[in-house]
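First comes the structure, then the notes that go with it.
The values are calculated or read from the model by the stated rules, or taken from the named source; none is laboratory data. This structure is a prediction, so every number in the text was calculated from the model and none was measured. Quick reminder, even Gly has a Cβ in these numbers, built from the backbone with ideal geometry, and neighbours come from all protein chains shown. Side chains included, ligands, DNA and RNA excluded: accessible areas come from the protein's heavy atoms. Shrake-Rupley method; radii C 1.70, N 1.55, O 1.52, S 1.80 Å.
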Amino acid sequence: MAAAAVRSLGANLGKNLREIRVHLCQTSAASSGAREFVEQHYVTLKKANPTFPILIRECSGVQARVWARHDFGKESSVSVDNLSADQVAAALQTLAQSKP
């Protein structure tokens, strides 16, 4: 399912967004789905969107969260703590399609 969500995003990330940031912990169990998503799908997303900023921020003890920056600096985020890679992909898809 995550692969399908990533494919459906394709090169459309820049349509509504200016930047994606994924905050996660390198070791916590709560961030395992976010880590798995990055390991499996970052390259695919980056190849489809070579000039679009997709930032991965690792920090010990931080809550896993995906941030989306829209036009005029407006930001939205969703917590992805304790979610699977598929659920992280769905959260990213929701953020990419949302308007601030």
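Beta carbons closer than 7 Å, at least 6 apart along the sequence or on distinct chains, pair a first residue in segment 41-54 that is within 16 Å of Arg18 (Cβ to Cβ) with a second that is assigned to a loop (DSSP other than H, G, I, E, B) for Asn49/Ala11. Pairs are defined by a Cβ separation below 9 Å, a sequence spacing of at least 6 or placement on different chains, a first member in segment 84-95 that is open to solvent by 30 Å² or more (accessible area, probe 1.4 Å), and a second member that is charged (D, E, K, R) and part of a helix (DSSP H, G or I); the pairs so defined are Ser84/Glu36. Condition check for Phe37 on (1) under 21 Å from Ser98 (Cα atoms); (2) outside any helix (DSSP H, G or I): one failure, at (2). Filtering segment 47-58 to residues that are open to solvent by 50 Å² or more (accessible area, probe 1.4 Å) and at pLDDT below 95 leaves Lys47, Pro50, Thr51.
The rows are residues; the columns are (1) more than 17 Å from Ser28 (Cα to Cα); (2) small (Gly, Ala, Ser).
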{"residue": "Tyr42", "(1), (2)": "yes, no"}
{"residue": "Cys59", "(1), (2)": "no, no"}
{"residue": "Phe72", "(1), (2)": "yes, no"}
{"residue": "Ser77", "(1), (2)": "yes, yes"}
{"residue": "Ala89", "(1), (2)": "yes, yes"}
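Pairing residues of segment 69-81 that are under 10 Å from Lys99 (Cα atoms) with residues that are among the basic types (Lys, Arg) and loosely packed, with under 12 Cβ neighbours inside 10 Å, at Cβ distances under 8 Å and at least 6 apart in sequence or on separate chains, gives His70/Lys99. For segment 30-46, a residue qualifies if it is of a type in the set (A, V, I, L, M, F, W, C) and surrounded by 14 or more Cβ atoms within 10 Å (Cβ to Cβ), and the qualifying residues are Ala30, Ala34, Phe37, Val38, Leu45. Residues in segment 21-40 that are acidic (Asp, Glu) and in contact (Cβ under 8 Å) with a residue 24 or more places away in the chain: Glu36 alone. Residues of segment 43-69 being under 16 Å from Ala89 (Cα atoms), over 9 Å from the mean Cα position of the chain (by Cα) and not polar (S, T, N, Q), which ones? Residues satisfying the conditions are Val43, Leu45, Lys46, Ala48, Ala64.
Here Thr27 does not qualify as touching a strand residue (DSSP E or B) at 6+ places or on another chain (Cβ under 8 Å), more than 12 Å from Leu13 (Cβ to Cβ) and open to solvent by 60 Å² or more (accessible area, probe 1.4 Å).
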